[in-house]
Amino acid sequence: MLREALAGRPMLGDGRWEVDGVAAWNAAVAQDKAGVSPSEVLSELRSHTGAALELLASLDETALDRPATEVDRAAVGPFYPTLQTLGQFVDEALIGHRRD
């Protein structure tokens with residue numbers, strides 16, 4: 001999603017996050033991954049963490065201050081209704097992933 005936004009494309013393509021849709025996706029992933037062992041989880045984390053950190057480290061102030069588009073604000077609105085910048089998205093969605 002972040003790569004899409006940095007390239008000037010909508011983060012979710014033609015999609016949007018709806019509360020019920022995200023809940024259904026989370027449930028499907030949980031069911032799919034129910035039998036995954038702790039060592040498999042660690043392996044997945046090890047294989048993807050480096051690329052994620054590299055992407056985050058590459059973001060400069062210009063990228064972080066880039067305004068979120070109307071399309072992106074509408075797409076993630078149910079979860080991040082005050083989204084203004086990509087930096088805010090990184091902080092709240094990718095790093096914090098907090099719940100209100």
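The values are calculated or read from the model by the stated rules, or taken from the named source; none is laboratory data. Since the structure is predicted, the reported quantities are computational estimates derived from the model, not experimental observations. Every residue, glycine as well, gets a Cβ built from its backbone with ideal geometry; the counts of neighbours run over all protein chains shown.
Residues in the stretch 46-85 that are surrounded by 12 or more Cβ atoms within 10 Å (Cβ to Cβ) and out of contact with any Leu (no Cβ under 9 Å at 6 or more places or on another chain): THR69, ALA74, PRO78, PHE79, TYR80, LEU83, GLN84. Just give me the residues in the stretch 22-39 being outside any helix (DSSP H, G or I) and over 22 Å from ALA93 (Cβ atoms), in sequence order. Answer for the stretch 22-39, where residues must be outside any helix (DSSP H, G or I) and over 22 Å from ALA93 (Cβ atoms): ALA34, GLY35, VAL36, SER37. Listed conditions (1) at pLDDT below 90; (2) among the basic types (Lys, Arg); (3) surrounded by 10 or more Cβ atoms within 10 Å (Cβ to Cβ) are all met by ARG98, apart from (3). Consider GLY87 carefully, then state whether it is over 22 Å from GLY15 (Cβ atoms), within 14 Å of the chain's Cα centre (by Cα), among the small types (Gly, Ala, Ser) and modelled with pLDDT of 90 or more. For GLY87, the condition - over 22 Å from GLY15 (Cβ atoms), within 14 Å of the chain's Cα centre (by Cα), among the small types (Gly, Ala, Ser) and modelled with pLDDT of 90 or more - is met.
Within the stretch 8-27, if we keep just the residues that are surrounded by fewer than 10 Cβ atoms within 10 Å (Cβ to Cβ) and either within 19 Å of TYR80 (Cβ to Cβ) or of a type outside the set (Gly, Ala, Ser) (or both), the residue that is modelled with the highest pLDDT turns out to be ASP20. Do you know which of the residues in the stretch 1-18 that are part of a helix (DSSP H, G or I) and in contact (Cβ under 8 Å) with a residue 60 or more places away in the chain is nearest to ILE95 (Cα to Cα)? Per the stated criteria, the residue is LEU2. Quick check: anything in the stretch 26-40 in contact with an Asp or Glu (Cβ under 9 Å, 6 or more places away or on another chain) and hydrophobic (A, V, I, L, M, F, W, C)? Taking every residue of the stretch 26-40 in turn, at least one turns out to be in contact with an Asp or Glu (Cβ under 9 Å, 6 or more places away or on another chain) and hydrophobic (A, V, I, L, M, F, W, C).
Test ALA5 against the criterion of being surrounded by 10 or more Cβ atoms within 10 Å (Cβ to Cβ) and touching a helix residue (DSSP H, G or I) at 6+ places or on another chain (Cβ under 7 Å), and give yes or no. Yes; evaluated as a whole, the condition is true for this residue. For the criterion of being exposed (fewer than 10 other Cβ atoms within 10 Å of the Cβ) and either at pLDDT 90 or above or over 14 Å from the mean Cα position of the chain (by Cα) (or both), ALA30 passes.
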